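Peer 1: Structure incoming, see below.
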Amino acid sequence: MRVLRALTVTAAACAAIGLSAPLASANQDPGGRGGNGGGNGPSNISVNPYSVHQGSTMQVSAAGCGHGGTVTSHGNFPPANLSAGSIGFATVRIFNHASPGHHTLSVKCNDSNLVATHRFTILEGNPSQGGIGGSIGPSTAETAIGAGLVGAAALGAGAHVARRRRPLRSPSLIGLLGH
């Protein structure tokens, strides 16, 4: 039991450290411009993923827009707001009818007239339904199997509890106690 408790505490500590590391690096002040981007214009633009299907979403990040900004790409997605901070983020959804191929997006900060660009690729077709295995829900057979497994587990647990609660009634033990 002590080993399980120690492993749980260790896993929680590792998770806390692992999750805080990206936040610490994201809050660093790039180039020492005073934390608000300094109005020097957008820089270090990145997109994730670089190649995106029609109808999918893409993450855009840029440094240097301390007071936020706007991300645009005419005919590919609607203008999106870039969050404020030393590194700003925006999520854009590619139009279903956007032309496949190489395209350019533009980032303009609210506190600067400078515009920076970055290339990305739009792939033809709809994205896969990730996260749900491409299905909408379980079939009737899968539901029946799952219900059977849950019922068997409940019966097994009930039998285990009933056996543990049964008092010890041995004839030799009863004779020793004088009953």
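The values are calculated or read from the model by the stated rules, or taken from the named source; none is laboratory data. Bear in mind the structure is a predicted one, so any value in this text is a computation, not a measurement. Glycine gets a Cβ as well: all are built from the backbone with ideal geometry, and neighbour counts include every protein chain shown.
Peer 1: Could you list, in sequence order, the residues of region 99-125 that are of a type in the set (A, V, I, L, M) and over 26 Å from the mean Cα position of the chain (by Cα)?
Peer 2: LEU114, VAL115, ALA116
Peer 1: Scan region 63-87 and report the pairs whose first residue is over 19 Å from PHE120 (Cβ atoms) and whose second residue is among the hydrophobic types (A, V, I, L, M, F, W, C) and in a loop (DSSP other than H, G, I, E, B), with Cβ atoms within less than 7 Å and a gap of 6+ or a chain change.
Peer 2: What qualifies is GLY66/ALA84; HIS67/ALA84; GLY68/ALA84.
Peer 1: Which condition does HIS102 not pass, out of (1) in a strand (DSSP E or B); (2) modelled with pLDDT under 90, if it passes all the others?
Peer 2: (2)
Peer 1: Test GLY41 against the stated conditions and say whether it is modelled with pLDDT under 90 and crowded, with 19+ Cβ neighbours inside 10 Å.
Peer 2: Spelling it out, GLY41 is indeed modelled with pLDDT under 90 and crowded, with 19+ Cβ neighbours inside 10 Å.
Peer 1: I'm told HIS74 meets every condition in (1) in contact with an Asp or Glu (Cβ under 6 Å, 6 or more places away or on another chain); (2) modelled with pLDDT of 50 or more except one. Can you identify the failing condition by its number?
Peer 2: (1)
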